[in-house]
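First the structure, in the form of structure tokens, and then the observations on it.
Nothing in this text is a laboratory measurement; each read-out follows from the coordinates by a stated rule. Note that the coordinates shown come from a computational prediction; the quantities given were computed from them, not determined experimentally. Because the Cβ atoms are built from the backbone with ideal geometry, glycine has one as well, and the counts that use them run over all protein chains shown.
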């Protein structure tokens, strides 16, 4: 049995189809990354799974309960942390823990036990009397996640949990997510940081309400991207980019820092042609030209453009 | 039950941390009641007067002194032509002018009718008619005294002319002070403003900062959330009733003539409607600012105008009177005035009490349904 089974889940706002009959399964204990641009339907999908929004049609089974028919049961199975900080800033750390613990029916021994755990995980041992508003961003985020799973749910939904958090706190936060996953909690996370996506067991890419790709990071890089990525290091990067993007034999051109990535069908033909247009025709010096392992970003840019072109046709 | 208790505790902890709230709940009502209690005063105490005395005799001066002695009139200007009267009235310097024509004294000694002219500024109709009443009173008691003196002088026993004299006794507010009448209704007003705004803010705030969404994901049932949110404000409203009542009793010296318990009970019923309205506002507002605007302009201003607080309902056109039937504040103010001033008992106010109960239950229930629908 899957931890999450989504079956033709659809949400329509007026005439706008936000989520278009998506289906997928998530295994227990998996870190499932849900990726997409803003407005792609990520948040709508996650909100339907958490019972905040009612689906227009379709269904999802979470921990054995149906979102459509047993929403109350589903709520006991899941934890949720949204992109907005969702604890009470004007309560102390302990008051927040007591409130949310109580809401999930934790009292006395059980509550004390979980409170200890939350404080430990949030690096707040001995500081439970601090006002939540006074905590630094990274700590707040950890506290929010720890409280979201205070009732030890089987599944936790994280909607862009690391927005506005510094890189070190982000890394620590992902360590916490890994711990949860190792202890058997299914983690369903949306993000638009692609380095974070690398930490996910499965990545699903959504665009305009449809799933356009799904698999592990490695699968995505090999299965969907059959072309070769060449990294070009040269002078006059801006004009080089301009020239390369006009070439018919290049499927994709994108800039990564000072380098240009081009997406070509054949490595050797690509090398010859790049030299020809840049060095021979426009006298731009190429200092390096390497075949590289595509990054997730390469894959996503390729997949998204392909999908946009398909939608346009 | 434990979940509801949890929400109530959380709500009070948050209230405790909000220093503005202490001001809103405890200081503002006291200040408002005191300031409004003095400001909402329609009594006429000092009437500015001009005098055009064309007669200039002992009698005419004696007549003018009658006005001065009454304590209500202040003779601001003595004029000698009509142009000055117009100027004084136009500039607002005086409210009226007493014109005593030539031969005033002569007419009286000849036992003839002595006309005097009074010119009023009628722009504030209410005030002017009160002043006209004062003037007539003084004039008629003066002419009565002339009649009595005339009888004495003739040395004969005049046949006594029987006349009708109303012996007026004013109940409940013997000094006819508007303050006594207004203060209890200001109390209703304050209670409405505070509970409606606080209630709507408390929910919209959670929506604004995102915690409402977090609550929806938890197993909290909508009814638990509503009860948990409403109860703290019923308690605060109750505290406010006591605070405002204390100011009324100890500051203004207006005692509660009727049953204190019934007063508190009807306040509770009234607060049910205002909290229901607050809850309704929270379902149509996205931000606290919006909630504030809706509460003030769409709900509270019409409530105040139509409740009989400022303008007597009996004087309104029929179709507006029908509108006032759906204003809970109307019933509450009626009860407040009746219980505080007249000492009316519950049995005399059954229709009003039932209406408050009906509105309280219906509004709170309908708003809860709407809130529940919005949550899902």
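Counting other beta carbons within 10 Å of each Cβ, put B:135, B:165, A:17 in order, fewest first. Spell out each step's value before the answer.
On the way: B:135 21, B:165 7, A:17 16.
The fewest-first ordering by Cβ neighbours comes to B:165, A:17, B:135.
For residue A:222 and residue A:12, what does the FRET efficiency come to when R0 = 41 Å and r is the distance between their Cβ atoms, rounded to the nearest 0.05?
0.70
Which distance in nm do the two modelled labels at residue A:57 and residue A:117 give, with both placed 7 Å along the Cα-to-Cβ direction?
4.1 nm
For region B:47-154, what relative contact order do you get, as a whole percent, if you take Cα pairs closer than 8 Å and at least 6 residues apart? Present the calculation step by step, with values, prior to reporting the outcome.
Working: 128 pairs, mean separation 32.1, N = 108.
Here the relative contact order equals 30 percent.
Which whole-number percent is the relative contact order of chain A (Cα, under 8 Å, 6+ apart)? Before the final figure, lay out the partial values.
On the way: 564 pairs, mean separation 58.9, N = 313.
Computed value for chain A: 19 percent relative contact order.
Over chain B, what relative contact order in percent results from Cα pairs under 8 Å that are six or more residues apart?
Details: 445 pairs, mean separation 73.1, N = 376.
Here the relative contact order equals 19 percent.
Over what distance in Å are the Cα centres of region B:328-376 and region B:281-320 separated?
16 Å
From other protein chains only, count the Cβ atoms within 10 Å of every residue's Cβ in B:214-224, then give the mean.
Working: counts 15, 4, 7, 14, 12, 12, 3, 2, 0, 0, 1.
What the average comes to for B:214-224 is 6.
Suppose only helical runs count, i.e. DSSP H with n ≥ 4. What mean residue ellipticity at 222 nm does that imply for chain A under -39500 (n - 2.57) per run, divided by all residues and rounded to the nearest 500 deg cm²/dmol?
Working: 10 runs with 107 residues, N = 313.
Rounded to the nearest 500, it is -10500 deg cm²/dmol.
Any idea how far apart residue A:1 and residue A:27 come out in nm if each label point goes 7 Å out from Cα toward Cβ?
Between residue A:1 and residue A:27, the label points sit 1.8 nm apart.
Within a 10 angstrom radius of each residue's Cβ in A:50-57, how many Cβ atoms of other chains show up on average? Whole number is fine. Kindly include the intermediate steps, with their values, before the conclusion.
Numbers: counts 4, 5, 7, 2, 1, 0, 0, 0.
Mean number of neighbouring Cβ atoms from other chains: 2.
Across peptide B:233-246, what mean number of C-beta atoms from other chains lies inside 10 Å of a residue's C-beta?
Values: counts 0, 0, 0, 0, 0, 0, 0, 0, 0, 0, 0, 0, 0, 0.
Across B:233-246, the average partner-chain Cβ count within 10 Å equals 0.
Peptides B:327-333, A:92-98: what's the order by average Cβ count within 10 Å, highest mean first?
Values: B:327-333: 25.6, A:92-98: 22.0.
Final packing ranking: B:327-333, A:92-98.
For chain B, what does -39500 (n - 2.57) per DSSP helix run (n ≥ 4), summed and divided by total residues, give at 222 nm, in deg cm²/dmol to the nearest 500?
Details: 16 runs with 234 residues, N = 376.
Result for chain B, helices only: -20500 deg cm²/dmol.
Contour minus end-to-end for residue A:292 and residue A:231, with contour as 0.36 nm per residue of separation and end-to-end as the Cα-Cα distance?
Values: separation 61, 0.36 × 61 = 21.96 nm, distance 0.65 nm.
21.3 nm is the gain from fully extending residue A:292 to residue A:231.
Which of the peptides B:182-188, A:222-228 is most tightly packed, and how do the rest follow, going by the mean number of other Cβ atoms within 10 Å of each residue?
On the way: B:182-188: 25.3, A:222-228: 15.6.
Going from most to least packed, we get B:182-188, A:222-228.
With viscosity set to 1.306 mPa s at 10 °C, what whole-number translational diffusion coefficient in µm²/s follows for the protein assembly as shown from Stokes-Einstein and a Kirkwood radius over Cα pairs? Walk me through the numbers on the way to the answer.
Numbers: Rh = 32.5 Å.
Answer, rounded: 49 µm²/s.
Roughly speaking, what is the centre-to-centre gap between region A:105-166 and region B:215-234 when only Cα atoms are used, to the nearest Å?
Distance between centres, Cα-based: 22 Å.
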